[in-house]
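Colleague: Questions regarding the structure given below will be posed in turn.
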Amino acid sequence: MISRVGTFCRFWYDFIVGDDWRIATGVVAALGSTAVLARTTTLPVWWVVIVVVLILLPLSVRRAARNSMRQNRNAGNN
Amino acid sequence: MGKGLSQSALFVVVFLACLVEAVEALTIVLAAGMARGWRSAFIGCLAGLLFLVVIVVAVGPAIASIPLDGLRLFIGGLLLIFGLQWLRKAVLRASGNKALHDEALVFKSTLAAARQANTESSGAVADWYGFTLAFKAVALEGLEVVFIAVTFGANQHNIPLAAAAASVAVVLVGIAGLALRAPLTRVPENLVKFVVGVLLAAFGLFWSAEGAGAHWPGGDAALLVIIPAVAVYAVLLVALFRSRSAVGTPRVGAPL
């Protein structure tokens, strides 16, 4: 029973969060910051999520590209 | 951005997302049918579609009842995470850091595996392996489409249009699959996934920020800047990460 619940949770985690949990965490943090800033200041806050996405996406792609290169190199050595 | 344009975007995103997922599901169903017999594959396919309809009927009205700001924050955030996942994979594929999705290869390997599996029958299902293979393909590939259709449709207050877009894509792919009896390798899946990733990320970004309390300059018209900006940024990332030690050289039809 517990293993089925674990499998169910893992499926939804993989489905929603995907390969890189940092993207989900970054998006949640960006939206939280936007919500706080929108309620506590009069400054425009539409740019917060954009800035986070501009940083998150290349970092995530770079991490995956490096892993892929490392795996290729290891496969080539074997 | 007029309501008509938003509704068109809804139709295009759901149609394209459904098109690629349906093509992927068709490949597996065809392999199941050819290797294990059509009856079990067909029943598995129908059971998968029924499972997806039940999810839409159960989840759709619940999501549509969430107040708009909360809906945009929650659903927009999920769409943004989902869109960034699609875009990340699309950039990796187009830059040669991840193998391009190849339907012919998937079909060949699934067919070979299906031919080797043992036959077990259960109730009305003559071949449990063929049934499960087809069911899983339709249910799992379809789940992403259901997620996109329900979230996008709820945000635009038009789940029926999202359902119509998904249905048109499924019917078109189904007819083409029945006519050809072969995987639809000519559908530019990698390019379509790139476009869907851009649209999901752009709309997710817009809605989630709005739901969190941000006011976009120009209101809805900001989407006319955000969508091309996300596309250009993704293309720039492809150029930046294009690698010489590529997994597979991007083929014609892949972005960049």
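Read-outs: derived from the displayed coordinates by stated rules, not from any lab. Computed from a predicted model, the values in this text were never measured in an experiment. So basically every Cβ, Gly included, is an ideal-geometry build from the backbone, and we count neighbours across all protein chains shown.
Colleague: Provide the FRET efficiency to the nearest 0.05 for the B:Ala104-B:Val232 pair, computing r from the beta carbons and using R0 = 30 Å. Show your work: numbers first, answer last.
Modeller: Working: r = 32 Å, r/R0 = 1.06.
With a Förster radius of 30 Å, E is 0.40.
Colleague: For the ranges A:3-10, B:164-171, B:94-101, what's the packing order if you count other beta-carbon atoms within 10 Å of each residue, average per peptide, and put the highest first? Intermediate values should be presented prior to the final figure.
Modeller: Values: A:3-10: 9.1, B:164-171: 18.9, B:94-101: 20.8.
Peptide ranking by packing, descending: B:94-101, B:164-171, A:3-10.
Colleague: Compute the orientation-averaged projected area for chain B from the convex hull of its Cα atoms and round it to one decimal in nm². The partial results should precede the final answer.
Modeller: On the way: hull surface 58.3 nm².
Dividing the Cα hull surface by four gives the mean projection, 14.6 nm².
Colleague: Using 0.36 nm times the number of residues separating B:Leu224 and B:Leu46, minus their current alpha carbon distance, what extension gain do you get?
Modeller: Numbers: separation 178, 0.36 × 178 = 64.08 nm, distance 3.93 nm.
Going from the current span to full extension adds 60.1 nm.
Colleague: Regarding segment B:1-55, what whole-number volume in Å³ per residue does the convex hull of its Cα atoms give?
Modeller: Numbers: hull volume 4.3 nm³, N = 55.
Enclosed volume per residue, from the Cα hull, is 77 Å³.
Colleague: Helix-only estimate, please: 222 nm mean residue ellipticity of the protein assembly as shown, summing -39500 (n - 2.57) across DSSP H runs of length 4 or more and dividing by its residues, to the nearest 500.
Modeller: Working: 11 runs with 260 residues, N = 334.
Value at 222 nm, helices only, nearest 500: -27500 deg cm²/dmol.
Colleague: Just how far, in whole angstrom, is segment A:2-38 from segment B:10-25 if you go by their alpha carbon centroids?
Modeller: 24 Å
Colleague: Oh, and also: Which one, B:Pro160, B:Leu111, B:Ala22, is farthest towards the positive end of the dipole of the protein assembly as shown when Lys and Arg carry +1 and Asp and Glu -1 on their Cβ?
Modeller: B:Leu111
Colleague: Which order results if A:Arg63, B:Arg93, B:Arg186 are arranged by neighbouring Cβ count within 10 Å, fewest first? Before the final figure, lay out the partial values.
Modeller: Numbers: A:Arg63 14, B:Arg93 24, B:Arg186 11.
With the fewest neighbours first, A:Arg63, B:Arg93, B:Arg186 line up as B:Arg186, A:Arg63, B:Arg93.
Colleague: What is the Cα convex hull volume of the protein assembly as shown when expressed per residue in Å³?
Modeller: 159 Å³
Colleague: Right, here's the next one. Per 0.36 nm of contour for each residue apart, how much would the distance between A:Ile16 and A:Asn67 grow if the chain were fully extended, relative to their Cα-Cα spacing? Before the final figure, lay out the partial values.
Modeller: Values: separation 51, 0.36 × 51 = 18.36 nm, distance 2.16 nm.
Taking 0.36 nm per residue and subtracting the Cα distance, the gain is 16.2 nm.
Colleague: Still on this structure: Build a GNM of chain B with springs between Cα atoms under 10 Å: which of B:Leu79, B:Leu30, B:Leu237 gets the top mean-square fluctuation?
Modeller: Among B:Leu79, B:Leu30, B:Leu237, the largest mean-square fluctuation in the Gaussian network model of chain B belongs to B:Leu237.
Colleague: What spacing in nm lies between the two simple spin-label points modelled at A:Cys9 and B:Val53, each 7 Å away from Cα in the Cβ direction?
Modeller: Spacing of the two 7 Å Cα→Cβ label points: 3.4 nm.
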